[in-house]
Structure formats: structure tokens, C-alpha cells
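Accompanying notes for the structure given below.
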Amino acid sequence: MQLKAIFAALAAAQYATAQELMRFGCSQLTIDRIDPLVNPDSLPSPHLHQVIGGNSFNVSMTPGKLDPPAASSCTSCTYSEDFSNYWTANVYFRARNGSFKRVPQVANLGLGVQGGMTVYYIRGYQASAKVTAFPPGFRMLVGDPANKEASKVPSGLCYRCEANMQQSPFGGAPCTGSDTKYFPKAACGGGWRVTVTFPSCWDGKNTDSPDHKSHIAYPASGTFESGGSCPKTHPVKIPQVMYEIMFDTRQFNNKADWPADGSQPFHWSTGDNTGYGIHGDYLFGWKGDALQKAMDTKCSGDNCKALQRQADTKAVACTKGQTAREDIGTEKWLSVLPGQNSMPM
Ligand SMILES: *[C@@H]1O[C@H](CO)[C@@H](O)[C@H](O)[C@H]1NC(C)=O
Ligand SMILES: *[C@@H]1O[C@H](CO)[C@@H](O)[C@H](O)[C@H]1NC(C)=O
């Protein structure tokens, strides 16, 4: 490890300790055009997703009918009692000639698994506050794939253009500094770090809601990190779930391949080429009271005593084939994005 890399890792670790946060890697489970939260029973769903977690992930995951810890035989997450599913859209590069190729994902600094995402469960700074783990069947959505306005991107969702793969200099806490709500405009030497943070308050009753958002809320004042309290409508403090996804854009850094008019070459798999459509989906699936134990014992990092951890190789071995079989532009260039008949913008 180079010195600079060690400093970047140290800064990240300090941030982790201050917040008593669980941070662990999950490798890619599948890339599939299904969405059991927003489009259950629809095969295929409108756009493509990259998914991590338990291998019971399926077109439909009705609470009471499918219990992820019981229905899964493996998880791609390093904590082996975590059969939750976590997913986002995929990122594509559109070359000057109009063809698309999928941007690969790589593991975050300091984590062993390949591709996939880094998952955080954050207790916040208020050490004494009770943080209630999600109940079985809980699910939620943050962000809006159809959003076209910067002001409507929730705080805690953003892009960081990394200068190099060592993430050095370290850019500080997520969505601070030069992080943006829109796709990075430069060719980034270390790809992108995309952050998706969920609200941290719950109504205490509903495991879901028609828009998959109304049962959760942001703190009434301040921020979760600063110990802000939950609003009366949503009084229960839940772990703040956060995803970090490293998109390795380096093979697309040749500006001669970018659109001649200077427009943004990167697109979400929804067709969005602004970045404002950033969103993430969460479906709880921890076994028994494992997540509550992790919160109560202030678990930190990816090797916490209260939880069972599997070898990285076992997490990486947990994969699932596509349900909606189609070419997703990993090797070959595509003329249209999966599920998109034409370019929407
Ligand atoms: C997914 O759902 C289908 C239909 O409900 C079922 O036949 C199949 O076994 C499920 N797959 C997995 C991996 O659970
Ligand atoms: C489009 O451009 C890419 C990048 O330069 C190239 O690799 C690909 O072969 C081209 N596709 C077609 C159909 O010309």
C-alpha cells in the first residue's frame, strides 16, 4: 500500500469510528431487470438493476410469503446473517457513435469482495439513543428515477469524482466538498463513488407504503449524524442505511469517444443522463435479531463480534442468474439500453 492510500484509509476509518458505523462489502449477486419493490410481478421491470445480498431475490417478494433468511441459501454480503437485498440502477457509457457499454463496479477501499457495493448501517453520534432494527417485511425507496431537478435530489445522494483508485486526497464525509448531485463532468482518474443514503426515522407501524417512502422520514431538526430527533409522525429512530458504489469509469476516459457536442456521455440504466434520477432500493432480510444485536452492541466495521462473518470468497461465490435474460452490454456494445426502446433525452 502506498503512503497516500494508507492516509485515505485512515481518514475513512476515523470517520467510521466517530459514528460507530457498520461498513461492509457485498459482491454482486446479479444484474437483472426485476424490481420486487417498485414493480413486483413485472418481468421484466422497466429498467435494469445491480443487486447484492440474499439469493432469494426475485420478481415478487411479498412479505409473509417470502422470508429472505429462510428462502435464501447464500448471501453476497460479508455478514452471513444478512439476506437483505440492496439495489440501484446501473451506469452506462454512451460513445460518440451512440452505442452503450455498461460501466463496471469495483470494490471499495479496504474491502475484500469484488464489485457490488459497500453497505453502511449508521447509529449516529447520539451514543445513548436507542436505534430500532427494521422488522421482517420492511422495505423502502429513496430518490426518484424520473427526477430531473437538482433541488429534488434528497440530501445524502451524490457523486464523487475520484482522482485515483486510492481515493486520495480523501474527500471527507459523503455529499460534502466537491461532491455533486449531477453526474461528474470530468474524466475521473479513479472512477466515481456514488452515495445513496436513506432516511433514518420510521412511523413505527408500516413496513411499506404506496410510494415506498411515506413510512420513513428525515429527522425533524438537524441531521441524523448530528443526533437530530425524529418528527412526531415518524418517532422511531432506525439505522441509517447508506450505499457506496464504486463505478470504474476509467476505460471510458478518452474524451475523443465522448459526444462531440460536449454533452454527458454517462447514463443511468433508466436513460437519465443528468444524474438527478439517482435512487436506491432496500428490502430488509437480516436473520432473527442479528441487526438489533449489531445496533445494541454498537457494531463497527465489517468484523463485529456480535455477528457472523463469512469469508470474502464465500460472499463472492453467491450469485444468481438473470431472470429477465438479455444482453446487458458487459462485453458487447448495445444500440439501446435494456428496456428502453429509444433514447428518452
Ligand atoms: C422466483 O419466483 C418464481 C415464481 O414465483 C419461482 O418459481 C422461483 O423458484 C423463484 N426463484 C428463486 C431463486 O427463489
Ligand atoms: C462505437 O464506439 C465504440 C467506442 O469507440 C467502439 O468500440 C464500437 O465498436 C463502436 N460501435 C459501432 C457500432 O461502431
TODO: Could you please let me know if Thr88 is under 30 Å from Pro219 (Cα atoms) and in a strand (DSSP E or B)?
DONE: yes
Task: Considering residues of segment 74-111 that are within 16 Å of ligand 2 (Cβ to nearest atom) and more than 21 Å from His49 (Cβ to Cβ) only, the residue surrounded by the fewest Cβ atoms within 10 Å (Cβ to Cβ) - done: Asn97
Open item on the list: I want to confirm something. Restricting to segment 63-73 and keeping residues that are surrounded by 16 or more Cβ atoms within 10 Å (Cβ to Cβ) and not in a loop (DSSP other than H, G, I, E, B), which single residue is farthest from ligand 1 (Cβ to nearest atom)?
Closed with: Pro69
Task: Pairs where the first residue, in segment 86-102, is farther than 14 Å from Gly115 by Cα and the second is among the basic types (Lys, Arg) and buried (at least 16 other Cβ atoms within 10 Å of the Cβ), C-beta under 6 Å, 6+ apart - done: Tyr92/Arg102; Phe93/Lys101; Phe100/Arg94
Task: Checklist (1) touching an Asp or Glu at 6+ places or on another chain (Cβ under 7 Å); (2) away from ligand 1 (no atom under 14 Å from the Cβ); (3) assigned to a loop (DSSP other than H, G, I, E, B); (4) modelled with pLDDT of 95 or more applied to Ser60, failing item - done: (2)
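Listed here are the residues, each with its yes/no results for (1) within 16 Å of ligand 2 (Cβ to nearest atom); (2) on the phi > 0 side of the Ramachandran plot; (3) surrounded by 13 or more Cβ atoms within 10 Å (Cβ to Cβ); (4) not polar (S, T, N, Q).
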position	(1), (2), (3), (4)
Cys304	no, no, yes, yes
Gln310	no, no, yes, no
Ala317	no, no, no, yes
Ile328	no, no, yes, yes
Glu331	yes, no, no, yes
Pro338	no, no, yes, yes
TODO: Sort out which residues of segment 276-299 are part of a loop (DSSP other than H, G, I, E, B), over 30 Å from Phe266 (Cβ atoms) and out of contact with any Asp or Glu (no Cβ under 6 Å at 6 or more places or on another chain), and write them in order of number.
DONE: Phe284, Gly285, Gly288, Asp289, Thr297, Cys299
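The values are calculated or read from the model by the stated rules, or taken from the named source; none is laboratory data. Please read these numbers as outputs of a predicted model, since none were measured by experiment. Backbone-built Cβ (ideal geometry, glycine too); neighbour counts: all protein chains shown.
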